[in-house]
Amino acid sequence: MSSKVERIILAGFGGQGVLFLGKVIAETGMHAGKNVSWIPSYGPEMRGGTANCSVILSENEIASPMVTVPDTVIAMNRPSVTKFNQKIKAGGMLMYNSSLIERQEFRDDIRLVEIPANEIAEELGNPKVANLVMAGAYSKFSKLITFDDLVACLPGLVKGAKKEMLDINLAAFKKGFDYVEEKKYMFGRYVYSVFKGI
Amino acid sequence: MTMKKVFSRPASLSKTPFHYCPGCDHGVIHRLVAEAIDELEVGDRTIGVAPVGCSVFAYDYFNFDFNQAAHGRAPAVATGIKRTRPDSIVFTYQGDGDLAAIGTAEIIHAANRGEKITVIFVNNAIYGMTGGQMAPTTLIGMKTQTSPYGRDASTAGNPIKMSEMIATLESPVYVTRVTINSVANLMKAKKAIYNAFKLQKEGKGFSFVEVVAICPTNWGKKPADSHKWLTENMLPVFPLGTFKDTLGVEKSA
Amino acid sequence: MAKVLMKGNEAIGEAAVLAGCRYYFGYPITPQSELPAYLAKRLPEVDGVFVQAESEVAAINMVYGSGSAGARVMTSSSSPGISLKQEGISYIAGAEVPCLIVNVMRGGPGLGNIAPAQSDYWQSTRGGGHGDYRTIVLAPNSVQEMADMTITGFDLSDRFRNPVLLLSDGVLGQMMEPVNLPEPHDYNINSKKWALGYRGSDKNERNLCSSIFLDNDELEEHNWHLYQKYQVITDLFSKGEYKDFAVEEHLCDDAEIILVGYGIISRILKTVVEKCRKRGIKAGLVRPKVLWPFPTAVFERLAKTASQFLVVEMSCGQMVEDVKLSVDGKKPVFFFGRTGGTVPSDFEILNEVDKLVRPD
């Protein structure tokens with residue numbers, strides 16, 4: 001992942017909060033002094049089907065805000081993997097919600113990061129924060145935003161939210177971040193071979 | 001002994017001679033509007049909206065500010081003006097083609113929103129300016145350029161009754177139908193137009209006055225015969241009367 | 001003021017409020033519905049008026065009424081809705097009423113789809129409705145410019161008593177980017193002496209807002225009056241105070257191939273130019289920010305130094321005609337377009353450039 005720019009596609013079912021997840025990352029990037037852009041899919045699929053958005057974080061001015069070849073795809077459901085898996089840049093990352101997506105034979109030239117986002121969210125008592133678990137996990141990998149940036153940005157994003165809700169959101173960030181740290185997801189890029197037990 | 005002036009041009013009416021055909025009712029209806037504006041002393045803050053149709057030049061005959069709207073759109077234009085200058089008295093003056101055909105959506109929705117405007121609707125059952133085509137209010141069997149065999153309900157529908165339709169809406173405060181075929185009816189029409197503007201002056205809501213009128217030129221009749229024809233043929237279809245008077249303006253006057 | 005992350009549609013709404021606009025009339029249509037939704041909430045906070053009209057036809061005529069009464073007023077829609085507004089825009093142009101019209105373009109013709117497109121270029125720059133008239137057409141390429149050009153649009157429309165069209169697309173309307181919001185402007189509704197309901201002590205005759213001139217000579221005189229106004233506007237953008245505003249040039253001085261695009265396409269072309277330069281291809285970018293009056297002078301100049309032009313649009317080729325007219329046959333002008341809602345990628349454009357500069 002280049003330190004100058006991070007191109008991300010975030011995808012899932014409508015209702016999984018992927019547009020908001022993208023907004024959280026973009027807003028955090030902006031507050032961290034980076035250039036950012038966020039583009040949603042807004043087609044008929046937003047009504048009940050799948051949703052996705054493209055986010056760019058960059059140290060330089062963003063020329064094209066379109067993400068054709070993402071550095072990272074954050075997939076919350078199975079169809080999102082099918083749709084975007086082949087588009088990921090070689091050496092890029094697929095971070096997926098392993099609560100809903102079974103481990104399988106993915107590409108062997110990308111880093112795979114599995115996060116059981118729904119299970120973690122349910123442990124926290126609110127399945128709706130699965131998206132924020134992913135945000136915390138992503139901050140572990142990002143060169144442009146940190147976990148602290150996320151935490152600092154959150155109150156502005158959920159204006160008027162009750163204290164308990166704010167706390168559970170922060171806990172979701174933390175759990176996602178910690179999950180990556182504990183699992184030591186820093187193992188190499190070519191995880192495919194790891195999965196195959198080689 | 002000094003002479004006392006008992007009849008003169010209303011201050012709101014300009015000196016421009018009417019271009020209307022001989023016997024046309026528009027001139028008289030214009031005068032009734034001007035008298036109401038004068039009596040309510042709102043001439044300095046009245047804004048009119050002229051339609052497309054014979055009264056497209058209505059703005060020439062009044063002394064206050066005017067907008068000339070696209071065909072049927074006068075109630076939308078009046079909405080824009082009234083919302084922008086709520087202390088103005090805003091009215092539209094529209095014919096049957098303008099209001100009841102191409103502008104049906106605009107009139108219904110302005111009425112339904114309860115825009116605080118006044119609408120003067122002149123219904124003479126024919127398109128005058130374009131030379132006598134069928135209007136939505138043309139009577140069954142009536143011959144026009146575009147209903148040369150007489151209006152046939154099976155293909156062209158029936159005369160549309162705008163006052164009755166608008167009276168079904170919650171928002172309008174005053175909906176009435178008048179005519180000027182006799183002195184008595186003329187006085188009632190004058191009162192109705194006055195009431196409509198009075199309600200607006202008081203900030204009450206949407207007021208609508210339909211005036212059943214003649215078109216001697218396109219009906220192919222003499223003016224006197226036209227009023228007789230109106231009485232015998234139009235009034236049974238478009239009965240006079242007040243369909244809605246939420247605030248009882250007629251009783252209070 | 002700190003930067004705010006906003007959608008393009010919302011940035012237009014907030015900028016309009018800051019420009020002193022207090023009147024909005026519109027009708028919902030994707031992909032611009034965030035704009036009326038934003039103003040439905042925002043305008044009542046500043047004692048403004050939001051009306052959801054019964055149709056785009058009614059909405060533009062409410063704008064005509066409100067603008068004729070002296071307001072800073074706007075409407076917005078997307079392509080099919082803008083087609084419906086053309087009647088009103090023609091009347092507004094004829095009656096010389098200022099207003100801002102936003103088009104967040106989607107795919108056509110007909111119902112088309114709701115994905116981004118640039119296929120309303122001809123409709124926007126050629127008039128769109130009936131009669132001999134022009135609308136000033138501004139083409140932002142970022143959320144920041146959506147805000148900035150909204151304010152410029154109101155200023156230009158008041159100055160010339162002419163409708164201004166902000167021509168955007170589904171991507172710009174939907175995307176979020178950080179925006180620096182400008183300082184609020186004061187606007188006095190009684191600043192226009194020609195407006196209906198103007199009550200200044202210097203008013204000595206009644207005001208009339210009309211586009212009808214039944215007498216041939218009067219209408220001809222009016223049309224030449226409008227034409228002269230359009231000439232003044234053209235001069236303002238080609239050599240006057242808006243000269244630098246009208247067009248953005250990027251690495252054109254030594255460029256052999258000039259890429260041309262407006263709106264979101266110009267952002268992609270900038271990436272393409274960077275990639276070209278890395279590969280040793282001398283590419284430059286011309287980005288018209290104003291589509292009418294079209295910045296012809298820059299093309300006349302670059303036709304002397306560059307060897308070819310490639311126009312890229314999300315249409316089957318509309319602006320390319322203006323580029324050809326400006327280049328006037330002096331150099332070849334090529335076209336690459338995608339339609340139907342597909343935004344061309346930098347890779348496929350780069351491929352087109354390769355074909356032109358390295359023909360094998």
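The values are calculated or read from the model by the stated rules, or taken from the named source; none is laboratory data. Just so it is clear, the model here is predicted, and its values are computed rather than measured. Note that we place each Cβ from the backbone using ideal geometry, even for glycine, and neighbour counts take in every protein chain shown. Quick note on the areas: whole protein, heavy atoms, side chains included, nothing else; ligands and nucleic acids left out. Shrake-Rupley method; radii C 1.70, N 1.55, O 1.52, S 1.80 Å.
Among the listed pairs A:Lys4/C:Lys275; C:Lys7/C:Lys243; B:Lys188/B:Lys251, give every one whose C-alpha distance is greater than 21 Å.
As for pairs spanning more than 21 Å Cα to Cα, those are C:Lys7/C:Lys243.
Taking only protein heavy atoms and a 1.4 Å probe, what accessible area per residue, in Å², does the protein assembly as shown have with all protein chains in place?
Heavy-atom SASA per residue in the protein assembly as shown reads 40 Å².
Please give me, ordered by residue number, the GluC sites (Glu not before Pro) of region B:173-253 that lie in loop per DSSP and have at most 13 other Cβ atoms within 10 Å.
Here the sparse-neighbourhood loop sites are B:Glu202.
For chain B, what proportion of DSSP beta bridges, expressed in % and rounded to the nearest 5, is antiparallel?
25 percent
Out of region A:60-161, which GluC sites (Glu not before Pro) are coil in DSSP terms and have no more than 14 other C-beta atoms within 10 Å?
In loop regions of region A:60-161 (DSSP not H, G, I, E or B), the sparsely surrounded GluC sites (Glu not before Pro) are A:Glu61, A:Glu102, A:Glu105.
Provide the solvent-accessible area of B:Glu35, counting protein heavy atoms only and rolling a 1.4 Å probe, rounded to the nearest 10 Å².
For B:Glu35, the solvent-accessible surface is approximately 30 Å².
Using a 10 Å cut-off on Cβ to Cβ distances, tally the other chain neighbours for every residue of C:198-209 and report the average as a whole number. Intermediate results must be reported in sequence, preceding the final value.
Working: counts 2, 5, 0, 0, 0, 2, 0, 2, 12, 5, 9, 10.
For this peptide, the per-residue mean of nearby foreign Cβ atoms is 4.
Sort region A:1-151 into rounded, prolate or oblate with this rule: let a ≥ b ≥ c be the square roots of the eigenvalues of the Cα gyration tensor; rounded if a/c is under 1.5, and if a/c is not under 1.5, prolate when a/b is larger than b/c, oblate otherwise.
Taking the square roots of the gyration eigenvalues as a ≥ b ≥ c, region A:1-151 is rounded.
Can you pull the mean other chain C-beta count within 10 Å for peptide A:23-35?
Values: counts 3, 0, 0, 5, 4, 1, 2, 7, 4, 0, 1, 1, 2.
Mean partner shielding for this stretch: 2.
So which DSSP H runs in chain B come out at 18 Å plus along the axis (Cα) with average Kyte-Doolittle of at least -0.5?
B:26-39, B:183-201
Where a ≥ b ≥ c are the square roots of the eigenvalues of the C-alpha gyration tensor, would you call region C:3-191 rounded, which needs a/c under 1.5, or, failing that, prolate if a/b is larger than b/c, or oblate?
Since a/c stays below 1.5, the shape of region C:3-191 is classed as rounded.
Can you compute the FRET efficiency between C:Asn188 and A:Arg107 using 1/(1 + (r/R0)^6), with r the Cβ-Cβ distance and R0 = 56 Å? Round to the nearest 0.05. Provide the component values of the computation, followed by the final result.
Details: r = 63 Å, r/R0 = 1.12.
Efficiency computed from Cβ-Cβ geometry: 0.35.
Along the principal axes of its C-alpha atoms, what lengths does chain C span, in descending order and rounded to whole Å?
72, 48, 40
How many nm is it between the label spots at C:Arg279 and A:Glu61, if each spot is 7 Å from the Cα in line with the beta carbon?
2.3 nm
How far is helix C:143-160 tilted, in degrees, relative to the longest principal axis of the Cα atoms in chain C, given as a value from 0 to 90 rounded to the nearest 10?
50 degrees
Let me know the Kirkwood hydrodynamic radius for region C:1-72, please, with Cα pairs as the basis and the value in Å to one decimal. Don't jump to the answer; show the numbers that get you there.
On the way: mean 1/r = 0.0793 Å⁻¹.
When all Cα pairs of region C:1-72 are included, the Kirkwood radius is 12.6 Å.
Using only Cα atoms, find the angle between the long axis of helix C:264-278 and the longest principal axis of chain C, and express it within 0 to 90 degrees, rounded to the nearest 10.
20 degrees
Using only DSSP helix segments of four residues or longer, with each worth -39500 (n - 2.57), what per-residue ellipticity at 222 nm results for chain C after dividing by its residue count and rounding to 500?
-13000 deg cm²/dmol
For A:Leu124, what accessible surface area do you get with a 1.4 Å probe? Give it in Å², rounded to 10.
Answer for A:Leu124: close to 40 Å² accessible.
On the protein heavy atoms, probe 1.4 angstrom, tell me the percent of accessible surface of chain A carried by carbon and sulfur.
Here carbon and sulfur together make up 52 percent of the probe-accessible area.
Please pull out the direction-averaged projected area of region B:26-252, using the convex hull of its alpha-carbon atoms, in nm² to one decimal place.
Mean projected area for region B:26-252: 11.3 nm², to one decimal.
Treat the protein assembly as shown as a sphere of radius equal to its Kirkwood radius over Cα pairs and apply Stokes-Einstein at 20 °C in a medium of 1.002 mPa s; give the translational diffusion coefficient in µm²/s, rounded to a whole number.
On the way: Rh = 29.7 Å.
Translational diffusion coefficient: 72 µm²/s.
Assuming a ≥ b ≥ c are the square roots of the Cα gyration tensor eigenvalues, decide whether region C:255-306 counts as rounded (a/c under 1.5), prolate (otherwise, with a/b larger than b/c) or oblate. Display every interim value, and only then the final one.
Working: a/c = 4.80, a/b = 1.32, b/c = 3.64.
The shape class here is oblate.
Suppose R0 equals 25 Å. What FRET efficiency, 1/(1 + (r/R0)^6) with r the Cβ-Cβ distance, do B:Lys5 and C:Lys203 give to the nearest 0.05?
Rounded to the nearest 0.05, the efficiency is 0.35.
Can you send over the carbon and sulfur percentage of the accessible area for region C:114-246, probe radius 1.4 Å, protein chains only?
48 percent
What's the longest uninterrupted piece of chain B once you rule out the chymotrypsin sites (Phe, Trp or Tyr not before Pro) that are loop residues per DSSP with at most 13 other Cβ within 10 Å?
Of all site-free stretches, the longest is B:8-148.
Averaged over its residues, how many other protein chain Cβ atoms are within 10 Å of peptide C:2-9's Cβ atoms? Provide the component values of the computation, followed by the final result.
On the way: counts 2, 4, 2, 12, 0, 4, 1, 0.
Other-chain Cβ atoms within 10 Å of each residue's Cβ, averaged: 3.
Counting chymotrypsin sites (Phe, Trp or Tyr not before Pro) as exposed when in a DSSP loop with at most 16 other beta carbons within 10 Å, what is the longest stretch of chain C free of them? Could you put the intermediate results ahead of the total?
Numbers: sites that count: C:Tyr187, C:Trp194, C:Phe213.
The segment C:1-186 is the longest one with no such site.
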